[in-house]
1. Rank these residues by their accessible area, most exposed first, probe 1.4 Å: 112, 7.
2. May I have the extent of the alpha carbons of the range 57-123 along their three principal axes, as whole Å values ordered from largest to smallest?
3. Using Cα springs under 10 Å in a Gaussian network model of the chain, which residue among 79, 98, 107 shows the largest mean-square fluctuation?
4. Ratio of Rg to Rh for the chain, alpha carbon only, Kirkwood?
5. Please list 113, 53 from largest to smallest accessible area, probe radius 1.4 Å, with all protein chains kept in place.
6. Can you give me the C-alpha center-to-center distance between the range 1-47 and the range 106-120, rounded to a whole angstrom?
Amino acid sequence: QVQLVESGGGLVQAGGSLRLSCAASGRTISSNAMGWFRQAPGKERAFVATISWNGLSTVYEDSVKGRFTISRDNAKNTVYLQMNSLKPEDTAIYYCAVARGYFGVRVTDFGSWGQGTQVTVSS
């Protein structure tokens with residue numbers, strides 16, 4: 001019932017920054033946790049960050065702690081991922097997703113997914 005569209009990906013040099021956006025439509029996502037995941041070539045989709053329904057709780061994968069920040073604007077039905085100090089190993093397709101409830105960290109906790117946006121970090 002909800003559609004997600006990611007944007008903001010692109011090519012950036014190591015040490016640079018990007019901000020990804022995820023716009024939801026079809027229904028409000030203000031009661032759902034949201035998450036960002038990424039999938040590198042030849043790898044499985046992996047957790048990056050999640051934010052609770054009210055934006056008060058966040059969880060990050062260890063390798064992005066201190067570099068990435070997840071946030072949300074429920075009035076705009078949008079979730080963001082600010083990515084700083086990017087590294088080549090951050091290169092992946094980034095997906096946003098809607099959790100089935102108030103909080104989620106596992107792929108199986110999320111029921112709706114966007115189409116993804118490519119992030120490429122050069123060395």
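1. Numbers: 112 30, 7 55 Å².
Reading off the accessible areas and sorting them downward yields 7, 112.
2. Here the Cα extents, ordered largest to smallest, are 38, 24, 24 Å.
3. Among 79, 98, 107, the largest GNM mean-square fluctuation belongs to 107.
4. 0.94
5. Details: 113 75, 53 105 Å².
Correct descending sequence by accessible area is 53, 113.
6. Comparing the Cα centres of the range 1-47 and the range 106-120, I get a distance of 6 Å.
The values are calculated or read from the model by the stated rules, or taken from the named source; none is laboratory data. Being a predicted model, the structure only gives us computed values, none of them experimental. When the accessible area is computed, the model is the full protein with side chains, heavy atoms only, and any ligands, DNA or RNA have been set aside. Shrake-Rupley method; radii C 1.70, N 1.55, O 1.52, S 1.80 Å.
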